[in-house]
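Heads up: the structure comes next, in structure tokens.
The values are calculated or read from the model by the stated rules, or taken from the named source; none is laboratory data. Model, not experiment: these values are computed from the prediction. Backbone-built Cβ (ideal geometry, glycine too); neighbour counts: all protein chains shown. Quick note on the areas: whole protein, heavy atoms, side chains included, nothing else; ligands and nucleic acids left out. Shrake-Rupley method; radii C 1.70, N 1.55, O 1.52, S 1.80 Å.
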Amino acid sequence: MDPNLVKIIYCLIAALIICVIFRCVFAKKRELWFARTASTIFNQRGALGSYLSLGYPNTWQGALVTLAQLLLIVVACALIWA
């Protein structure tokens, strides 16, 4: 198997794990800090996607959580590619 493909798979797994952790940690603040759009024909989500998605931030706390999540995913992928 191609080593780059393996690194991509590791990055996807790391991002999924980080999303699960953030979803569990911020479960109580989800309704306060984030807003979600309903699934439509253009943005279909399954049960797992709806559960894991925090939504989009509508407060500064939500923006900080989103920024921290993205930064952690970037750092994890950078460590995998190093």
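Anything in the range 10-49 that is open to solvent by less than 80 Å² (accessible area, probe 1.4 Å) and over 20 Å from Leu70 (Cβ atoms)? List them, or say none. Reasoning before the result, please.
So in the range 10-49, the residues open to solvent by less than 80 Å² (accessible area, probe 1.4 Å) come out as 11, 14-15, 18-20, 22-23, 26-27, 30, 33-35, 37-40, 43, 46, 49.
Passing the criteria: Ala38, Ser39, Thr40, Gly46.
Residues being hydroxyl-bearing (Ser, Thr, Tyr) and within 11 Å of the chain's Cα centre (by Cα): count how many of those fall in the range 57-82. I'd like the intermediate steps shown before the answer.
Taking the range 57-82 and keeping what is hydroxyl-bearing (Ser, Thr, Tyr), we get 59, 66.
So of that shortlist, the ones also within 11 Å of the chain's Cα centre (by Cα) come out as 66.
Looking only at that region, the number is 1.
For Ala14, work out the one condition from (1) within 13 Å of the chain's Cα centre (by Cα); (2) farther than 30 Å from Leu79 by Cα it doesn't fulfil.
(2)
Does the range 62-82 hold any residues that are under 17 Å from Ile9 (Cα atoms) and either of a type outside the set (A, V, I, L, M) or modelled with pLDDT of 95 or more (or both), and which are they?
Taking the range 62-82 as the starting set, the residues that turn out to be under 17 Å from Ile9 (Cα atoms) are 72-82.
Leu72, Ile73, Val74, Val75, Ala76, Cys77, Ala78, Leu79, Ile80, Trp81 - these are the residues of the range 62-82 that are under 17 Å from Ile9 (Cα atoms) and either of a type outside the set (A, V, I, L, M) or modelled with pLDDT of 95 or more (or both).
State all residues of the range 50-70 that are surrounded by fewer than 12 Cβ atoms within 10 Å (Cβ to Cβ) and either of a type in the set (Asp, Glu) or in contact (Cβ under 8 Å) with a residue 24 or more places away in the chain (or both); if no residue qualifies, say none.
Within the range 50-70, Tyr51 is the sole residue that qualifies.
Which of the residues belonging to the range 71-82 are open to solvent by 80 Å² or more (accessible area, probe 1.4 Å) and in a helix (DSSP H, G or I)?
Correct list: Leu71, Leu72, Val74, Leu79, Trp81.
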